[in-house]
Amino acid sequence: MASLKSRLCSGLVQRGVWLGLGNAASAEIAATAGFDWCLIDGEHGPYDIAAIAEQARVLGPEACVRVPKAEVWMIKQVLDLGLHTVVVPMVDTPEQADEMACAMRYPSKSFPQGTRGIGAALVRASGYNHDTDYIAQANDRVCLIVQIESVTALKNLDAICAVEGVDGAFIGPTDLAASMGYLHDLDAPEVQAAIDDALRWIAASGKIAGALSFKPERAAHYVEMGATMVAVASDVALLSAALRDCAKSFTP
Ligand code: 3PY
């Protein structure tokens, strides 16, 4: 099967599920449920690097991981686990985006500004030194998705999308709403209009456009606006809703 990056780059809409439970069994259930991608949420979920490694073993190299923060060392650790697609939250400026793009890539002829350190003999990504092609292919395989989730990021969107090595931009709707003054009001027309504009802009720039909504109609609308990387569910939300419904339905 083609990699998630190549499916997204060829314009295919890919439905994803957000994993925040930090549990290998529930990750396995999600991975076999029919979604196109799974994301390990290291920003808000209970994952340290050992827990991310455990999930990577269950989900395979096509899983996405959201690192807690835009930090170079965090990028290095998750790439060395053999994951390729990294989502970085709260990227507000082209300078931050560029630092992340460089952290994702080894210095090479085509990407001399790369700053990724080479720990190939030690790391899972290179099959613990058995995959001799890993280093040669890694720069093309990796996929950097930056999150646009503040008013500042929206203002800088064109410059962020223009950064070499940024493969896509993913709207964080809840944080964006809060930054716009609409904490707890994701449905505010101003917020949704800003998301629509941003998605259209990202798609027009030729980068992967991503967004999240657990309301199917809204997720479909984001696809119409140009999103191809669409998160439509989370393990936490689904489990919580199903258990509550179940409890309610048996109340005497
Ligand atoms: C947001 O909604 O702000 C996100 O980043 C998704 O958790």
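Things worth noting here:
- Altogether, the Stokes-Einstein calculation at 25 °C and 0.890 mPa s, with the Kirkwood radius of the chain over Cα pairs as Rh, returns a diffusion coefficient of 132 µm²/s.
- Where a label projected 7 Å from the Cα of residue 183 along Cα→Cβ would reach, residues of segment 127-158 with amide N under 15 Å: none
- Annotation: per residue accessible area for the chain equals 47 Å², rounded to a whole number [probe 1.4 Å, protein chains only].
- Most mobile listed residue (153, 220, 211) in the chain, GNM with C-alpha springs under 10 Å: 220
- Mean-square fluctuations from a GNM of the chain, with a 10 angstrom spring cutoff on Cα atoms, peak among 215, 207, 76 at 215.
- Element breakdown for the chain at a 1.4 angstrom probe: carbon and sulfur atoms account for 59% of the accessible area.
- Taking the Cα atoms of segment 185-252, the ratio Rg/Rh between the radius of gyration and the Kirkwood radius comes to 1.16.
- In this structure, the amide hydrogen of residue 91, modeled 1.01 Å from its nitrogen in the peptide plane, lies closer than 5 angstrom to those of 147, 149, counting only residues at least 5 positions away or on a different chain.
- Computed from backbone phi with θ = phi - 60° and the Karplus coefficients 6.51, -1.76 and 1.60, the 3J(HN,Hα) list for segment 136-141 is 5, 9, 4, 4, 7, 6 Hz; x is used for glycine and proline.
The values are calculated or read from the model by the stated rules, or taken from the named source; none is laboratory data. Note that the structure is a prediction, hence the values are computed from the model and not measured. Backbone-built Cβ (ideal geometry, glycine too); neighbour counts: all protein chains shown. Note: areas computed on protein heavy atoms with side chains; ligands, DNA, RNA excluded. Shrake-Rupley method; radii C 1.70, N 1.55, O 1.52, S 1.80 Å.
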